[in-house]
Amino acid sequence: MATTARHDPLHFLADELAALRERHLFRPLRVMSSAQGPIVSVDDRRLISLSSNDYLGLTHHPRLRQAALDAVGLYGAGSGAVRTIAGTMTLHEQLEADLARFKDVEAVLTFQSGFAANTGVIPTITGETDLIVSDELNHASIIDGMRLSKAPRRIYPHADAAALREILREAREQGRDGAGEPYRLILVVTDGVFSMDGD
């Protein structure tokens, strides 16, 4: 029996996909047939990769490759659970302790991605009595982290230090809701590298 739009609750998806393609907004996955690196193979073509997160080429560093193989030999191919349930291993604690010593800070907490860090940390440390001030071109993960927070937010024009200073001055002078009560925390959030624009 043929599925009709009337009986298929997802029939609208085909139209939405067609509309995305028509507006040149459909983004197919590019499949690599090589290892990650500065030169990759995609669709039987050798290309220069400008979109990897492997900025320093560490995925091929001999010591890191051997350390990964050693860890798999000792611990298996995964932690078996997220860290908050049963997945925190001595490897995680050792890495974080080593990073804290290297950075000369009290402690370090690692995340598997920048997205996880931004959506985990921002709403955890901010709330209704705080203010988040953000660059208008911040990464989507920062914006999502701000949305998950209950804190009010102000956006300043990209890389405009004068506008940022003015927002901070107003926030300190006027306080929360313009009533003079100070914010508990004012968090300024900005990308280190604006990946979409490259600055």
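Just so it is clear, none of the values below were taken in a lab; they were calculated from the coordinates. Since the structure is predicted, the reported quantities are computational estimates derived from the model, not experimental observations. Here Cβ is always computed from backbone atoms with ideal geometry, including for glycine, and neighbour counts include all displayed protein chains.
Hey, what number do you get for the chain at 222 nm if only DSSP H runs of n ≥ 4 count, each worth -39500 (n - 2.57), divided across all residues, to the nearest 500? List each step's numbers first, then the result.
Numbers: 6 runs with 74 residues, N = 199.
One gets -11500 deg cm²/dmol as the mean residue ellipticity at 222 nm.
Quick one: among E170, E181, E16, which has the greatest mean-square fluctuation in a GNM of the chain with alpha-carbon springs under 10 angstrom?
Maximum among the listed residues: E16.
Longest segment of the chain with no trypsin sites (Lys or Arg not before Pro) in a DSSP loop having at most 16 other Cβ atoms within 10 Å?
31-149
Mind checking which of L50, L164, L29 has the largest fluctuation in a GNM of the chain, springs on alpha carbons under 10 Å?
L29
Would you mind computing the Rg to Rh ratio of the range 59-103 from its alpha-carbon coordinates, Kirkwood style for Rh? Could you put the intermediate results ahead of the total?
Values: Rg = 12.0 Å, Rh = 11.8 Å.
Rounded to two decimals, Rg over Rh is 1.02.
Looking at the range 111-189, which chymotrypsin sites (Phe, Trp or Tyr not before Pro) are in a loop (DSSP not H, G, I, E or B) and have at most 14 other Cβ atoms within 10 Å? Each step should come with its number before you reach the end.
Details: sites: F111, F115, Y183; in loops: F111, Y183.
Those satisfying the criteria are F111.
Let me spell out the model: positive unit charges on the Cβ of Lys and Arg, negative unit charges on the Cβ of Asp and Glu, origin at the Cα centre of the range 12-164. What dipole size does that give, in debye rounded to 20? Mind showing how you got there, number by number?
Values: 15 positive and 18 negative charges, 67 e Å.
So the magnitude is around 320 debye.
Within 15 Å, Cβ to Cβ, of I39, how many net charges do the neighbouring residues add up to if Lys/Arg are +1 and Asp/Glu are -1? All intermediate terms of the calculation are to be shown ahead of the outcome.
Values: positive: R30, R45, R46; negative: D43, D44, D54.
After counting each charged neighbour, the total is 0.
Taking only Cα atoms and a 10 Å spring cutoff, compute GNM fluctuations for the chain and point out the largest among A19, A159, A68.
A19
Within the range 9-82, report the chymotrypsin sites (Phe, Trp or Tyr not before Pro) that DSSP leaves as loop and that have at most 12 other Cβ atoms within 10 Å. Walk me through the numbers before you get to the answer.
Values: sites: F12, F26, Y55, Y75; in loops: F26, Y55.
Answer in residue order: F26, Y55.
What list of ³J(HN,Hα) couplings, whole Hz, do you get for the range 80-94 from phi and the Karplus terms 6.51, -1.76, 1.60, once you set θ to phi - 60° and write x for glycine and proline?
With the stated coefficients, the range 80-94 comes to x, 6, 5, 4, 6, 9, 8, x, 7, 10, 4, 4, 4, 5, 5 Hz.
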